[in-house]
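Where a number appears in this text, it was derived from the coordinates with a stated rule and is not lab data. What you are looking at is a predicted structure, and each value in this text was computed from that prediction instead of being measured. Virtual Cβ from ideal backbone geometry, glycine too; neighbours counted across all protein chains shown.
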Amino acid sequence: MANAEVVLLDFWPSPFGMRVRIALAEKGIKYEYKEEDLQNKSALLLQMNPVHKKIPVLIHNGKPVAESLIAVQYIDEAWKDKAPLLPSDPYLRAQAKFWADFVDKKIYALGRKIWATKGEEQEAAKKEFIESLKLMEGKLGEKPYFGGESFGYVDVVLVPFYSWFYAYEVFGNFSIEAECPKLIQWAKRCSEKESVLKSLPDHKKVHGFVLELKKRLGIE
Amino acid sequence: MGEVKLLGSWGSPFSRRVEMALKHKGVEYEFIDEDLANKSPLLLQYNPVHKKVPVLLHNGKPIAESVVILEYIDETWKTNPIFPKHPYEKAMARFWAKFIDEKCNPAIWQIIWSRDKERDKAIEEAIVHLKTLENELKDKKFFGGETIGVVDIVANLIGFWLGVMQEATGIELVTKERFPILSNWIDEYVSCSVIKENLPPREKLLEAFKSRLNAPAWKY
């Protein structure tokens, strides 16, 4: 091993992986990015995440941290002197963790239903997806970021899904911007940040990936 | 340190987690027992997103989601810390708490609510996850080491509710033969004063399980 102090096992379209990329970039941490073939997982991945065998896995000085929210919090705590992602006030921290948990419970699962299902199931998923985004829009209010004046934890947790919005819109035949214009404004503002710019893939590439995935899974 | 109230439910393991943490730290609080079949306006006001217990109110400000509450409690009241100090160990504690909530507990509930083949499948799955958890315990007295930590608190369903569920259904999931280390942990756990003083009355819980076994899904 080239003794890289920080290694990230990842998969380019994964919104969970994107979260960790953004956090590392925000802190200016140099790391080695390793692309995993999820159809052929590396021995390293299976060794570093034997419980779930999933990406992303952050490896710091040989010690693995799996689960994206846990990895992002770890990054924030281990490199606490630069660009803090979580606020220092315990109540505000709790609010941020609550909303990160909400994103995890809702956005990914509903998004998946939007591209993977049809008919009533898809319509129900679209409805709940928009409701969830509207709730977050309300939480954002007039602030530039969920973190307030500066980009923070909830921003890191949610913004990766923006790279998937185009795919959701195409497969779901709806416009997210029409329903949640303020959220799209927020997403565009985030995308101007270098950490986000270099961590999110092109949304057409993501759409192409979902198309391939649907073929492979045998979904119409 | 301000006024503390807890909206909870006598039988809910999530609610009891918060009580364990507060008692462990000697924090005085007012407990408001919610009738989950008939949620109070207070609960709906303080947790409009999920409408669930527990909700901690500290000086009137609400925090929801049991693990988010546990982190808040640990950051606010410094006596008897339940999370490790070091970022890596903290990340590991969060990982195992999440594993219990996302893998172990749902598999256990699935056993209770399912029948026949589905139940057999659920039992198989629960065994796999509990074995993984047991491996993490190794030769420690508690997941937290010599004293209980957040993972022990989060594992309360396994520590106590499971025994009651086993009696109510006649299913033997965790036995000394199959899980020698986990069984030892369960014995230590329920004899530990801060745990045993914060468990629901066993007979009442047993009755509740027996009467709900043929009824519609338990609502939290």
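Here the condition is being touching a residue at least 40 places away in the same chain (Cβ under 8 Å), surrounded by fewer than 17 Cβ atoms within 10 Å (Cβ to Cβ) and farther than 15 Å from B:LYS103 by Cβ; of B:GLU146, B:GLU118, B:GLU188, it holds for B:GLU188 alone. Those helices (runs of 4 or more DSSP H) of segment B:1-112 in which at least 1 residues are out of contact with any Pro (no Cβ under 8 Å at 6 or more places or on another chain), of a type in the set (S, T, N, Q) and more than 18 Å from B:GLY149 (Cα to Cα), considering only elements entirely within it, cover B:41-46. Figure legend. Inter-residue proximity from segment A:94-105: first residues at the interface with chain B (Cβ under 9 Å from one of its Cβ atoms), second residues of a type in the set (D, E, K, R) and surrounded by 21 or more Cβ atoms within 10 Å (Cβ to Cβ), beta-carbon distance below 9 Å, spacing 6+ or different chains. Indicated pairs: A:ALA94/B:GLU65; A:ALA94/B:GLU71; A:LYS97/B:GLU65; A:LYS97/B:GLU71; A:PHE98/B:GLU65; A:ASP101/B:GLU65; A:PHE102/B:GLU65.
Restricting the first member to segment B:70-98 and to residues that are facing chain A (nearest Cβ under 7 Å), and the second to residues that are among the small types (Gly, Ala, Ser), the beta-carbon pairs closer than 6 Å and six or more apart or on different chains are B:TYR72/A:ALA94; B:PRO87/A:ALA78.
For beta carbons closer than 6 Å, sequence separation of 6+ or different chains, a first residue in segment A:55-74 that is at the interface with chain B (Cβ under 8 Å from one of its Cβ atoms) and free of Cβ contacts under 8 Å to residues at least 40 places away in the same chain and a second that is in a loop (DSSP other than H, G, I, E, B) and polar (S, T, N, Q), the qualifying pairs are A:ALA66/A:ASN49. B:VAL67 meets the stated requirement of being surrounded by fewer than 22 Cβ atoms within 10 Å (Cβ to Cβ), farther than 25 Å from B:PHE179 by Cα and within 14 Å of chain A (Cβ to nearest Cβ).
When the criteria are applied in full, A:ILE70 meets the requirement of being under 15 Å from the mean Cα position of the chain (by Cα), of a type outside the set (Gly, Ala, Ser) and over 30 Å from A:LYS127 (Cβ atoms).
Checking each residue in segment A:84-93 for being away from every other protein chain (no Cβ under 12 Å) and in contact with a Phe, Trp or Tyr (Cβ under 8 Å, 6 or more places away or on another chain) picks out only A:LEU85.
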